[in-house]
Each structure stands twice: as structure tokens, then as C-alpha cells.
1. Only one residue in B:V141, B:V145, B:V208 is within 7 Å of another protein chain (Cβ to nearest Cβ), surrounded by 24 or more Cβ atoms within 10 Å (Cβ to Cβ), β-branched (V, I, T) and farther than 30 Å from B:I346 by Cα, so which one is that?
2. Mind checking which helices (runs of 4 or more DSSP H) fall wholly inside region B:352-442 and carry at least 3 residues that are more than 8 Å from chain A (Cβ to nearest Cβ) and farther than 24 Å from A:M578 by Cβ?
3. Residues of region A:140-161 being more than 10 Å from the chain's Cα centre (by Cα), at the interface with chain B (Cβ under 9 Å from one of its Cβ atoms) and within 20 Å of A:V308 (Cα to Cα), which ones?
4. Only one of (1) touching a strand residue (DSSP E or B) at 6+ places or on another chain (Cβ under 6 Å); (2) at the interface with chain A (Cβ under 7 Å from one of its Cβ atoms) is not met by B:G150, so which one is it?
5. If I ask for residues that are at the interface with chain A (Cβ under 9 Å from one of its Cβ atoms) and without any contact (Cβ under 8 Å) to a residue 12 or more places away in the chain, which ones from region B:153-167 would you list?
6. So which of A:L391, A:L380 ends up being modelled with pLDDT of 90 or more and open to solvent by 30 Å² or more (accessible area, probe 1.4 Å)?
7. Pick out, from region A:705-805, the helices (runs of 4 or more DSSP H) lying fully within it that include 3 or more residues that are under 30 Å from A:I606 (Cβ atoms) and of a type in the set (S, T, Y).
8. Give me the pairs, please: first residue somewhere in region A:672-684 and closer than 13 Å to A:E633 by Cβ, second residue anywhere and open to solvent by 50 Å² or more (accessible area, probe 1.4 Å) and modelled with pLDDT under 90, beta-carbon distance under 8 Å, and either six or more positions apart or on two chains.
Amino acid sequence: MHCFYLVIAFPFIYALAVPFLYNKFNSKVHTGWFILVVPLLVFLHLLSYIPAVSSGRTIYLTLPWIPSYDINLTANIDGLSLIFSLIITGMGFLVIFYSIYYLSKQKEELQKFYIYLLLFMGSMLGLVFADNIFVLYVFWEMTSISSFLLIAYWFEREKSRSGARKSLMITIFGGLSMLSGFILLSLITDTHSIREMISKAGMIQSHSLFVPAMLLVLLGAFTKSAQFPFSIWLPDAMEAPTPVSTYLHSATMVKAGIYLVARCTTIFGGVPEWFWFVSSAGLVTLLYGSINAVRQTDLKALLAYSTVSQLGLIMSLLGLGSAALYFDVAEEGAVYAVAIFAAIFHLVNHSTFKGCLFMVVGIIDLETGTRDIKKLGGLLHWMPVSFLLALTGSLAMAGLPPFNGFLSKELFFTAVLNASKMSIFHMETWGNILAITAWVASVITFVYCLIILLKTFGGKPGDYKLKKKARKAPVAILIPPLILASLVIVIFLYPNVLAKYLLQPAWQAVLPTFAETASLQIKISAWHGLNTELLMTIGVVITGAFLYKTLRKWYVIFRYYPAALTLNNLYELLLEKMEKFSLALTRRYMTGSVRDYLVYILGFIILTVGGFFLIYGGPTFDSFRDASVNYYELGLLIGMLTSALTVLLARSRLTSVIAVGALGFLVAFFFVLFRAPDLALTQLVVETITTVLFLLCFCHLPKLKQEKTPIRVKAVNGLISAGVGLVMTILALSANGNRLFESISRFYENAYELAGAKNIVNAILVDFRGFDTMLEILVLSMAGLGVHTLIKLRLAERRGNEGTE
Amino acid sequence: MNNLVILPIIIPIITGMVMVLFRNNIWLHRFLSLLATVLIGIVSIMLIEQIKTAGMQTLYLGGWQAPFGIALVADMFAVLLVLVAALVTFCCLCYAFSSIGRERGRHYFYPLCLFLIAGVNGSFLTGDIFNLFVCFEVMLVASYVLISLGGTKVQLRESFKYILINMLSSFLFLIAIAYLYAMMGTLNLAHLSVRVAEAGQGGVITAVALLFLMVFSLKAGLFLFFWLPGSYSAPPTAIAAIFGSLLTKVGVYAIIRLFSLVFYHEPGVTHLFIGVLAAVSMVLGAMGAVAYWDVKRIITYNVVVGVGFILAGFASFSVVGVRGSVYYLLHDMIVKALLFLLGGSIIHLTGTGRLKEMSGLIRLHPQLGWMFFVAALSVSGIPPLSGFIGKIFVTAGTFQTGYFWLGGIGLLTSLLVLYSVMRIFMNVFWGYTNLTEETEKGTTKGLLPSMAFLTVLTLALGLGAEGIHTYVDLAVEGLLNPHIYTGTVLGGNGQ
């Protein structure tokens, strides 16, 4: 086994040790210190792959899991998975460090927190490295589950629970649809490996199931990455402790969908469907997220919507970039492939600046006891370092120099402008709308960045009444955001170092077929001269600043948007309706009345068997084998009918019992007539005993009450019984008319020679089929035991035993 | 001829009979019942190994060659089920030790459980349709007594319905056998298979096949499951767990056996119909599970969903789909027993089944809570627990056959299943703790080990799916190649 697997498994293995560490040391040392080892170690190990990967190599490892069904832990270490895994472990390290100061070791159940976190880290690493689609699915669901547990970390709060449930339902829904998409892909290509699927992309794209498979996989990606309209779970996930929001819900897990789309770009890309679905979903999300961010007053909710919006941006870039695959000649498409590069670049940048912002918000929350921007203000005076951090983060998000966000935002504009000039996929008509949407969303992004910064830190300190007195944050908790903030600037200063070692390998990994023919090289620079992109940025700043100044005036329009129409409400309504409808429907047929159940069962038999006869040709009667009916047989039949009817119509129990007895005796007569005297004798004995027993029991019962059943019920009953009788008779006659083979009974006629028995029936009962008889004896003894316990054992009612509502 | 084949049926009967004689010695009952299940487990493991190396094992009872006598047939599918049934019963019995109470124990609880297992194992192992009927009777009569054991009001009310409906289905079963015998002139399953193949599965035979399907659907809770939620919530937990885990599966087994061995010539009619019924059961079951705020109801409706899902894979009638069904069937037996036991423990602790009256149990019962969490994920097929491999294959199988609607419904209902069981978890275990150790109605003393064992099993079956693939694949091969079965059972006789 390659040591790589040990490293990936390290979080899982370590998670097992956490309870022990917690119990042993937590009174003295914060458990988080022990956890720090994990991401650090994995991070350092992963760094060792950079030289190989950046020189264009891909390391492909296989560890068997379920090899018989081709479900193996195949790891694909290429640029894309490496960049993700470095974010996962790097951010993981910073977040755990941050959490040591954020979560109190006295008040919190730290062992749970870190177990969940390690589970998540391990699953997320597994997800990005997995090449086998089903293994990817396994880790995909595991990230959903660990995210669920982390969101509900404070499980006593109602909001945490409902937020956790919402995220679980939506992401698992996506996971399932992704799974079905994967299954379709595996059926089309007969492989479980993404790499091999990429090599069979042409085959997939020409298959009739291409579009369904694509949509299903996209549904998975969109739910995980909170694309519109599945974004609603992300703001609610903010109920989790801030380290979790930083880690899962801005830096890593929500990017799993991005990862998936990037991975599948070569499989699906190059066709208009993929281009339009991905880029329009991204753009709509970008706009939706930014608009909603502006209306938030809770800082974390604001950041959540901004994450939604930024994820939309990255998604749209991936969609736009897929156009490159349309061109057979790679050089033609290279222009559009830049969008993919921009997506990866922005993904990294987003992790840094958004992580920094989340951490700052967490510190504000910790120190002031609130995240509400209506209550906050003037923090600049107490928390200058936090202000600087927030400044770096929010301006990077707004896309201003000298921060890394500027570079990727410019690339975004470049990509959009390139795409809008395309002459394929109907871009002639839609191109401008695309560009305008991107620009408008950027303006709004700028506005909420200003809100984060100015509403919190600006203003005079005396104007705001804060519960806890704002004080300077402890130095140590500032270290992680400081590192992130410095990364924001360092990346701006030296983007090409990052590009060379990480971004370009990842870019090539997304477009492997492309990379072979065209050189995917790019040089990032902050200054391109006065081009359209820069003009757009300047426009964003001016318009954004103006809008922020006039915020009060146009903010009111949000109030006119009916609350009932928000996606959240629709989700709640859906759940509520589903439960109500289910209950109503279930109650409707689960009446608890035996009569209804019998109607269902018998009615269903009539419909099925009868319906089958109607559809697939009628039954075949063949009467030549039927014996002629004698008059005394007819008489017996009439007698049986009469007694059966008497049972139904009798007004006293006595009459019914006697009628039942009479019916039994008449059946015994038939046995006599058909030359089965031993059966007749048995029947007579049984009938006699049961009749006597009935009579004995019934004298203890009250008089039979005359039931008043409505005509309608009676009619249904009649119809059903007649129908069942009819179907059964038809079936019996056809079965009788279709004696296709000689019966095996001839064999038994030799009973005397075979078993030494002169009575063939006895020989069958005790020898040929003696096992049946033995089991029947067991049945009778059990029935005896049953009667015994029914009489003897009457336990008192206990509430716990009641199953009913 | 292999005498091991009959042991899973005979061992419980004999030990049960001995126990009836020593009625008041509860310790003996406990010891013998465990011993019996362990022995069955050992026998089935031996059989599994033999089948792996030497193919299906048969036993002609009384030495009467098939098709004239009763043949017992141990193929991989049947024996796997026998093994899992033994495991599940072992756990339920252990659970019963500290929960069933002295009175029920004295009133033949343990022997009846063993008789029930005898019937279940008999149904799995028999190769004769009339003997199948008799084994059903053994199982059902045992279940009649068990469901009413204790004679509380709810139990009596529900057992009345249960008995009535099962009587009706037994009656229909008998009629169907009579019709089949009239046409085919034989009762041996292998012989039936050969003869149906020879005659061609015409209209009347298919009609009788549908009648059989109705009968087994009633037992399995496939579409005709109206009786199930009520009667499975009435008896004490250990009994309900055995019911929920095993009884419906016998019906499922019978459907799979009959429609893979005998009536497999018209999959476009019969198997498609099974698929439709499976889809409807999944939808109705999931809706029932979502509708109620009561622990037992949610769990019993989930039984219906599970049955639908297993048969969805079978309905596809492809190698992949049937493989999924077998995996899922084994998984479902384990996890349903676990869910019933966990649900019962919750009710035992809190004294109520209403979710709205419970809260925060995890503070005092972390093990119970996490086991429930694992079970909840497992029952919804979340990886890497035991359900997922079956789920993947069932879905792939339905897709392969072109029944996209069926696979889609299966996946969507698994989401609803997750919703319904997570509702239990979140309401019962999360939130503020409203009970203290003093105000609790019972303890989990003695209950946890059996549930822990099942939890480990569901984990192991998921992570170690590779470990049993040889056996599952052999089972699937046996199911999809009826000529192996007929050839082994009949030898030269039926050809």
C-alpha cells in the first residue's frame, strides 16, 4: 500500500483517538492542540507531490476495496485534486488553530467537535482524490453527514437542528441524483473510472442518455455548491460554530460541487447544454447571492450569501470555459479555456479572503456578543487589527487592488467578454446579457463588501450599545486570519508563482485532452493597460460607491418582496404539504377496519387476475374432461349454498354455528361421493368437534347484535364477493381444462411395494410426505400452546406496549 | 444427499420441544434458545462452504427421489438467508432476556421463537411448493401466538386482524397450489420449473402465477401491506424485531424463488408487475413513514419501503439488479431488526412513542443515540454502511432494464426514509434533555450488547462488501440460472 493512503486515512484513524485524548488531557490542554497535527502532517506530505505534478505528471494509485465490482480506492493525484487537498488541509490547520481560541475547553464538548471535523477532513480529501465514481459518491455523502453533525453541533438549539436538517436533505438529494447520473454514465461507458470516462467522452456525448446523465450529475454539484435555487441551505448552515462555517461552508465542502463540475468538464463539456446550464446557473446564483447579501443584517448570513454569490461566479466561469472543448482545433478554443483558469484562481482566492472574513466575524461575535450590523459600529477604535483584516478580505472580494481578488475578478471579466463575443451556442443573441449580468452582480458585490466593512467598523464608537464591552481580541486568535490576509496580498504580488506550481497543473487537469495539443500557459499581471476589464472595474467602484451612499433610499424595495415567495418559504411549505398530504392519504386508506382491508385485498385480486385475463386473452375452457353432474350432487350443492347463506343471514349465533356445521357435513358427503372415505371420516370428526366447541363457547357471549350496514357498503361487499367467486371459478375451470402433464400421483399407487402400506393416503401422509405431517403436528401443538397462553396470560396494559398514536 | 440441510429446521423444533417440557426453567430456555441459533449459524456456515465448493446441496426426505418425495434444497441464496436469520434471532433473543419479562418467558416465548425460526428456515430451504405452504403455516401459527402473547388489549385487537388476513392468504395459497397442481401434476419446484418451461408459460399459468404473487405480496407486505403497521407495533420489542426483520422477508424470498425458478418466462408481464407493486409500496411506505410522529409507526412503514426496494432490483431481472436485491435483502434483515430494537429501547426508556414528548436523550444515552444514528443512515442506504452497495446495484439494475422510473422512485423514497428516521433521531436524541435518570421509565441495562452487535454488523457488511461477494454472486448465479437448480434436484429424473 502506498503511503499516500495512510496519509489520507490519517484523519479517520486519528478521530478514533480523540475521545481518549479528550478525557485524558482536556482539563489541562485544549484538545485542539492535538488535532493540529493531522492537517499539518497531511499538508506537508501533499506538498511533496508538487514537483511531480507541476511538471505535468499525474500519479495514479489503486487500493482495492471491492475489486470484484470494480469499486476501488483509486487515487488520482493531479493538479486539480492537489490544489483542493492543499486548501482542505491548509484551511483545516488554520481553522483548528482558530477554534482553539474560539471554543471554550470548559463549556464545549470538544471531542465531538473534533471527531466530526476530522471525519469531514478525511471524507473531503477522499472526495477530491477519488477516481472511482462510487468511491467519490461514498465520500460525497460522508461530507454531507459530517456537515450535518457540525451544523447541529449545538443541538439544543432549534435553529441549529432545522438548519442541519435542511442542509442534509438538500445535499443528500443532490448526492442521490448525482449517484443516478453516475450509474447512467457507468452503464454508457462500462467503466467506473472518471479518467476512463474522459477518454470515452465522445461516446457519452453521442449517447441518448447523455442529457439525463448530465443533468443528474449537475443537480448533485449544484446542491452541494449551493447554486440557485438550492442555495437556501447555506445561510441556515451558519448556525454552526464559526470555525465550521469558515471551513466547510466557505472554503471546502461547498466547493465540492465546483470540483465535480471541473472534473466532469471534459466528459460533458463542448456542447451547448452543458455550457448553458452551468454558466447560467452560475450567473443567476451570482446575482441572486449578491442581491440577498445586501439585505442581510446578520454578518454571518451576509457572508453566507456572498459565498453563494462567489460560488456562482466560479461555476459560471467553468461553464463559460467549457466552450473551449467545442473546437476541434485546440488553439481556437484556448481563448475560452482561460475562463477555467480564472475559476481555479478565484477558487483559491475566495478561500483566502472569505476565510479571513469569517474569522474576523467570529472574533467580532466573540468579543461583542452580536453579529447584527444594526447593533454594531465603531469597532475600528477597539479592534484595529480586525479592521485591517476585514479591509483586506472585503476589498479582495470586491475585486480591488492590491489584493488577489482583483486579479481573478479581472480574469472573470476577460472570460465573460470573450464568451460574449463567441459565435457559437447562440451567444450572438445572449452574449451581451451575460456580460451585463456579470457586471451588475459585481457592482452589488462591491456594495455588500462596503457594508461589511463600514457598517461594522465605521461610525462613532459611542453611538452603539453593545452587550459585552468590545475589547481587543487576544493576539493568538488573530494569527490564522492574519496568515490568510497576508496570503491575499502575497498572491497579488506573486501570482505567477502560484500559477506555475498549482494553478496551471490544475488547469491542465481539468482539460487533459486539451493540454496535450495546446499549451495552456498564462501570465497573470495586474496591469494590462487601460482595457475594457479595467474600465469595468472602475465602473463597478463608482457605481458601487454611489449605491452604498444612497443605500437608505433604495433599501426599501426589499420590503416589497413578499416573504411568502422566498425560496425558504417554498421549502418549508413543501415539507409541510408533504407531511400533511402523506398523513391525509395514509389515514384515508389505513382505516384500521378489517372489512376495508379485505376489500382491498380481494378487490386487488379481482383486478389483477381478472384484468390479466382481459388483457392477455381470455381463459381457455375445456370441458371434455369434466365429469357429468348427477342430480344428488346438484342437491348437495344446493344444500351447501343454502347453509352458507344461512350463516350470513342468521340472527342468532346458534343458527349460524349449526349452519356452518351443516356445510361441513355436506362437504364430507362430497368426499364420500368422490371415493375418499378416509377424508370424509376425518372431516366428520373435525366438524363435530368444532361445532360442539363453538356451541360451548358461544353460550358465554352476548346476543348477536344486528348490524346496520349502509346499502352502499353492502353493495360493495356483494360485488367483491361475486367478483372473487367468479375469478376463482374461471381460474379453476381453466386450470382444470389445462391439465398439461400427467400427475406424479401414479407413482404412489405402487405404495405397497414402495412403502409397504396398503392405504395409499396413509403412505403419503406418514412416509412419502411425512415431513409435512410432522410440521402440521407442530402447528397443532403450537396452536395448543397459543390457546393455553391466551387463557392464562393476561398482562396489564403498559403504555410502552401501545403502538397506536 | 446431505443431512446438514435439514438441521436448520430440525434443531429449533427439537430444542423448542424440550423447552416446552421444562416450562419453568427460564435459564434453560435462554441457554437452549441461544444454543439452537448458534448451531443453526454453524450449520449454515458449513453449508455455505460446501455449496461454494460442491454446488447446491439437496436432501430427499425419506429417501424418496424428487419429484415424488419432499426435497430440501440448500442453494446459496437460501443458506445466506438462513445464516442472517440466525444472527438476527440471536440478537433478538439476547435482547429479550432483559426485556421480555418473566411471565412471557414462562409462557413459551422462547420455544415459540424457535418454532418460528423453524418455519422461516423451512421456507428458505424447501424445494416443494406444498411443503412451502406447511412451513408458512408453522411460521404463521408461531407468529399468531407470539403476537398475542401477553393478551393486552392492543395485542388482541391487532392479532385478530393479523390472523384473519393471514388465514385468507393461506387459503388463497392453498387454492393456487391446487390450480398449479391441476395443470402441472407436480409439486416439486424443480419439476415445476422444468414442466412450465416445457409447456410454455401460457395465459392460465401466468394467471396462477399472479395469484401466487398476490399471496406472497400479502406475506411480504408488497403493496398489500395494510395489516402490517398495526400488527407489527402491537407485540413487545423483541418479537416485533423478529417480525420486522424476518417474516416479511420470507414472503420476499418466496416471490424471488418462484419468479426466478418457475415463472420466469414472461418478465415483461410478471416482473414488470412486481416492479410496479414495488414502486407503489415504496411510495406509500415512505409517505406513511413521513406522515407520523410516532417511533413505532415510522419504523414499521419503513419495513414496507425496504420490501419494495428489494423487489425493485429483482423486477429488473438483470444480474446487477438481482445482485443488488440479494445484498439489500441481507442488509435489510439486519438493519430492520436493529431499528426495531432501538425504537423499542427508546420507548422503554421514555415510556412513550410520541416524538413530541421526547427530547435530548443523547446526554444520558450516548451509545443508544449513536447506534440509532448509524442505523438511520444505514437504513437509508448512506455509504459506507451496508445499504449502499445494494442500493447502487438495485438502481443500476433497474436502469439497465430501462425501468428508470423504478430506480428513480427507489432513490427518492430513500431520501424520505432518511427524513423519517432522522426525525426520530433529532427529536428523541437532540434538544434539551427533559428526563433525568430518576424519571426514566426503564434502563438500557442488558439491552445494548445485542444492538451493538447488529450495528457492528451493518458497518462490517458495508465496508467489507468484498468479503461476501463470492457468496452473493453464487446466489445470484443460482437464481438466474434455473437449470442449475433443476439439474441438481432432479438429476436425470425430470429431464
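1. Working: B:V141 fails: farther than 30 Å from B:I346 by Cα; B:V145 fails: farther than 30 Å from B:I346 by Cα.
Exactly one of B:V141, B:V145, B:V208 is within 7 Å of another protein chain (Cβ to nearest Cβ), surrounded by 24 or more Cβ atoms within 10 Å (Cβ to Cβ), β-branched (V, I, T) and farther than 30 Å from B:I346 by Cα, namely B:V208.
2. On the way: elements: B:366-379, B:387-401, B:404-428.
Because the criterion is at least 3 residues that are more than 8 Å from chain A (Cβ to nearest Cβ) and farther than 24 Å from A:M578 by Cβ, the helices (runs of 4 or more DSSP H) in region B:352-442 that meet it are B:366-379, B:387-401.
3. Residues satisfying the conditions are A:F148, A:S160.
4. Result: B:G150 passes all but (1).
5. Those that are at the interface with chain A (Cβ under 9 Å from one of its Cβ atoms) and without any contact (Cβ under 8 Å) to a residue 12 or more places away in the chain: B:K153, B:L156, B:F160, B:L164.
6. Details: A:L380 fails: modelled with pLDDT of 90 or more.
So the residue among A:L391, A:L380 that is modelled with pLDDT of 90 or more and open to solvent by 30 Å² or more (accessible area, probe 1.4 Å) is A:L391.
7. On the way: elements: A:711-737, A:751-755, A:760-763, A:770-792.
In region A:705-805, A:711-737 are the helices (runs of 4 or more DSSP H) which contain 3 or more residues that are under 30 Å from A:I606 (Cβ atoms) and of a type in the set (S, T, Y).
8. Short answer, once both residue conditions are applied: A:L673/A:Y632.
The values are calculated or read from the model by the stated rules, or taken from the named source; none is laboratory data. Here the structure is a predicted model, which means the values were calculated and not measured. Cβ coordinates were reconstructed from backbone atoms using ideal geometry, including for glycine residues, and neighbour counts include every protein chain displayed. SASA here: full protein model, heavy atoms, side chains in, ligands and nucleic acids out. Shrake-Rupley method; radii C 1.70, N 1.55, O 1.52, S 1.80 Å.
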